[in-house]
Structure formats: C-alpha cells, structure tokens
Amino acid sequence: MIFQTVTAVTLYVICTCLLGIKMFGSSNILKRTRIVFMIIGFTVIILHAHLLYQSIVLSSGFDFGFFNAVSLVSWLVTLIVLVTSLFRPLENLLLILFPIAGLAILLELFILDERFLSDSLSIGLRVHILLSICAYSLLMISAIQALMLALQEKLIKEKHAFIIMSKLPPLQIMEGLLIQIIIIGFFLLSLSLVSGTMFIDDIFTQHLAHKTMLSIMAWLIYAILLWGRWSAGWRGKKIIRWALGGFMALLLAYFGSKFVLEVVLQRV
C-alpha cells in the first residue's frame, strides 16, 4: 500500500506540473500536453479510488474517520472537475486540487484514525451519507471557483496581469459556472438535510446537533445567495462572499465537527 501511495502522490505531482506547462507553455505543445495530462489524470484517479477502497472498506466495517473522509472528498472533487473539464473550462481548478488530493492520500496513510461504521447501515442512511458527500464536494468546487473568480477580478485591476488573464476563461463564464455548480450543490444539500431528518433517529445522542445546525446555516446562506442572484441581480463580489460564507459554514459542519470529535478529543 505504501508503494501505491507513493505512486499516486508522484502522479498527482506530475499532473500538476503538466497542467502548469499547459497553462503557461507555448501553443505548439499544448495539445500533446493535454492528452498526456488527461491519461495520467484518470490513471491517478483510479489508483486513488483503489487506495480509498482499501482504507474504507474493511472486514470489521466502514472506516469513515476524519482523514479517510478528507481523502474521499478530495478524490470525488478532483474526479468531478477532471471529468467536467472535458466539456467546460474548469481545468485550471485542478492546479489546486491535485496537490490537495496528493496530500490527503499521505495524511490518510500515515496518520492512524479509525472510526468504524457498522455493515448493518440502512439503505436510507447510506443514501444520506452519499448525498452529504456529493453535496459537500460540489460546494467545495464552488468555493474554489469563487476564489478563482475573486483572483480574476483582482487581476483585472493589475496592469501586468495580462499573461495570467489570457489563460483564464472570461469573467462572465466563470461566474455562470459558479452559479450552476452552486445550484446543483444546493439541491443535493437540501436532499441531504431532508434524508437526515428521515433516517437519523436522535441527532443529539449521536453528537450531530452542532453539525445539523451548521448545515442548516449553510443551506440558508446558499438560499439567500441564489435569491439575491435571481431577484436582486447580485454579481461579482457579493456572489463570491456569500459562496465562501456558505462553504465555511459547511466546512465547520462536516470537517470541523469530525476533527474535534475524532482527532482533538481522542488525543486529550
């Protein structure tokens, strides 16, 4: 497993370098670089999936500990962006996501963190977990997209930023993609909250009260963002701030609570 981990991390580093060459290299090497980049990118995604299977699916149950969860989400986010980049201009986000995914694999391997879920989980609860992970992953992509949009708006004001700006899609396209991702993520988050109320018996005895409240807060922030976009015509900085605010609430709800319960309190 160590050899597979080192191989996956190395491939993530290679993909990051190839993407940098593709973004800032000369035009005559761009096409060949993209083909090699995609082949290696999907190869490392498959290898990462195999490592996740080995770490999460165990004979005694499912291990959804903090670092396994980080690795799973980073894998899913990278997969979604890599597949989407075949059709939409999201490829630049991978310059951030590939290093995060590689680091997540290392943390998953070298930091022991075991929290088992029983094999007897109901179908409804499994659907809830799947919806939660998918919603979080898409809204994480929207947060990274919002950061890229904020950087792009800042670079517009810089006189010497034309080289970087020429490698990024127009602001209108970037903002449109951000809203589309948020809409899908918001829909999945809504389904996740509804399924949680249906299939989780007692959120207080399961230490899920704070997670539920923060998730509802995130849902409200995204709801206000979409209302502002459609009713008040919000654009630019307002959209970015609300998108980042919603994701921060979601980050605290999911990883914040898991980190405190499974890492901090376990070591006290």
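Before moving on, here are some points about what is shown:
- Residues of segment 1-18 that are in a helix (DSSP H, G or I), farther than 14 Å from LEU82 by Cβ and modelled with pLDDT under 90: ILE2, PHE3, GLN4, THR5, VAL6, CYS17.
- Pairs where the first residue, in segment 227-246, is on the phi > 0 side of the Ramachandran plot and the second is at pLDDT 85 or above and part of a helix (DSSP H, G or I), C-beta under 8 Å, 6+ apart: GLY236/GLU175
- Only one of the numbered conditions (1) touching a Phe, Trp or Tyr at 6+ places or on another chain (Cβ under 7 Å); (2) among the hydroxyl-bearing types (Ser, Thr, Tyr); (3) modelled with pLDDT of 70 or more is not met by SER55, and that is (1).
One line per residue, one yes/no per condition, for (1) surrounded by 15 or more Cβ atoms within 10 Å (Cβ to Cβ); (2) modelled with pLDDT of 80 or more:
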{"residue": "LEU82", "(1), (2)": "yes, yes"}
{"residue": "LEU95", "(1), (2)": "yes, yes"}
{"residue": "PHE98", "(1), (2)": "yes, yes"}
{"residue": "GLY102", "(1), (2)": "yes, yes"}
{"residue": "GLU108", "(1), (2)": "yes, no"}
{"residue": "SER122", "(1), (2)": "no, no"}
{"residue": "ARG126", "(1), (2)": "no, no"}
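- Residue in segment 149-156 that is small (Gly, Ala, Ser) and either within 16 Å of the chain's Cα centre (by Cα) or at pLDDT below 85 (or both) present: no
- Only a single criterion out of (1) within 19 Å of the chain's Cα centre (by Cα); (2) modelled with pLDDT of 85 or more is not satisfied by LYS211, namely (2).
- Across segment 48-59, the qualifying residues are those that are among the small types (Gly, Ala, Ser) and in a helix (DSSP H, G or I), and the one among them that is nearest to LEU95 (Cα to Cα) is ALA49.
- As a summary of the residue check, LEU225 satisfies the conditions (1) modelled with pLDDT under 85; (2) of a type outside the set (D, E, K, R); (3) surrounded by 15 or more Cβ atoms within 10 Å (Cβ to Cβ) except for the one numbered (1).
- Residue selected from segment 78-103 under the condition among the β-branched types (Val, Ile, Thr) and farther than 23 Å from GLN172 by Cα, by the criterion farthest from the chain's Cα centre (by Cα): ILE100
- Restricting ILE39, ILE21, ILE45 to residues that are loosely packed, with under 14 Cβ neighbours inside 10 Å, of a type in the set (Val, Ile, Thr) and either assigned to a helix (DSSP H, G or I) or modelled with pLDDT of 85 or more (or both) narrows the list to ILE39.
The values are calculated or read from the model by the stated rules, or taken from the named source; none is laboratory data. A quick note: this is a predicted structure, and the numbers were derived from the prediction, not measured. Glycine also receives a Cβ, built like all others from the backbone with ideal geometry; neighbour counts cover every protein chain displayed.
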